[in-house]
Structure formats: structure tokens, C-alpha cells
1. Convert each backbone phi in region 80-90 into a coupling constant with the Karplus relation 6.51 cos²θ - 1.76 cosθ + 1.60 (shift: θ = phi - 60°), then list the ³J(HN,Hα) values in order as whole Hz, x for Gly and Pro.
2. Which links in 92/141; 58/142; 25/107 stretch past 28 Å when you go from one Cα to the other?
3. Could you give each residue of region 94-104 its phi-based ³J(HN,Hα) in whole Hz, using Karplus coefficients 6.51, -1.76, 1.60 with θ = phi - 60°, and x for Gly or Pro?
4. Could you grab the relative contact order for the chain? Cα pairs under 8 Å, six or more apart, rounded to a whole percent.
5. Quote to one decimal, in nm, the extra length available between residue 67 and residue 140 on full extension: 0.36 nm per residue of separation minus the C-alpha distance between them.
6. If you fit an axis through the alpha-carbon atoms of helix 24-33 and take the longest principal axis of the Cα set of the chain, what angle between them do you get, 0 to 90°, nearest 10?
7. Return the sequence-ordered ³J(HN,Hα) values of region 60-66 in whole Hz as given by the Karplus equation 6.51 cos²θ - 1.76 cosθ + 1.60 applied to θ = phi - 60°, using x for Gly and Pro.
8. Ranked by Cβ crowding within 10 angstrom, fewest neighbours first, how are 105, 136 ordered?
Amino acid sequence: MILSLAIAFTTFGAFAAGDENVNQKVLDAFQTEFNSAREVEWTTGADYYKAAFVYNEKHVFAYYNTEGDLLGITRYISPEDLPMNLQISLKKKYSNYWISDLFEVAKSETTFYYITVEDADTKVLLKSTAGNDWSVFKTVKKA
């Protein structure tokens, strides 16, 4: 769902909202979860709110529904932040590719990793659930 929200946000757009345009339930939930967040910027979609902010010196994105329920959290990470088994698997299977995108999605008790690797001809989006091995989420041939 978080990936769907992220894709919908970038594909269909959303509008920036100041705190005054964000549902009070959402603001209260955000303040409870991330009371030390800095540089908070809100974006509103059709049925969700997205907060982009700095937390523990990292840029983080939190998604809430209109009832103030936290749907998930995403953040960009470096390859060194991946679990060791994912780093090893990536080097074995995709050593001839470069990394063009990598982010972590935390939802409830599970963490997902999405990474885009590329070579001259192909882009491959890989997914790992709960730090298990990579699976191909999507492959795109370059034109």
C-alpha cells in the first residue's frame, strides 16, 4: 500500500498543505509518534496525508489515513544500511548493475526494501520482505 501511495503521489500529484489544512487527528497522531521531528512538510492526497520531515538526522516520510492511523514510514537508505544477507545476495546476483534507487518501507511489524538496479539495457526493481532474499518486483527494458 505504501508503494502504491508513493507511486500515486508521484504519478497523479497531490497538493502541499500547511498544518492548518491537515486533519487534527492526523496532526495529533504525528505529534505522538514523531514529537522531535523537524522541518515537517505536509502533502495531502485524496484519502491520505504524507508528512516529509527530518527525524534523527534522516529524511523520513510518514503516511496517514484520514482517521490518523499510521499507514507506513519510508526513508531512503544507502546500500550499507541493508541487512548483510541482502548486501551479499545483491553482490552475487547483480554485480554488473548499478543502484539507482533504494528505500526502506516500515509498516506495522514488517520492513520492506525496494531497490532499483540498472545496466545499459534493463532496469530491475527488486523487493525484499522482512530482510529475506530479493525477488523481482518489476523489470523494464530501456529504449
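Readers should treat all values here as calculations from the given coordinates under stated rules, not as data from a laboratory. The model shown is predicted, which means the values in this text are computed figures rather than measured ones. Note that we place each Cβ from the backbone using ideal geometry, even for glycine, and neighbour counts take in every protein chain shown.
1. Per residue, the Karplus-derived 3J(HN,Hα) values read 5, 7, 5, x, 4, 4, 6, 4, 5, 4, 4 Hz.
2. 58/142
3. 10, 5, 8, 10, 10, 8, 10, 7, 7, 8, 10
4. Here the relative contact order equals 14 percent.
5. Difference between extended and current length: 22.6 nm.
6. 60
7. 10, 10, 10, 10, 10, 7, 6
8. Lowest to highest Cβ neighbour count: 136, 105.
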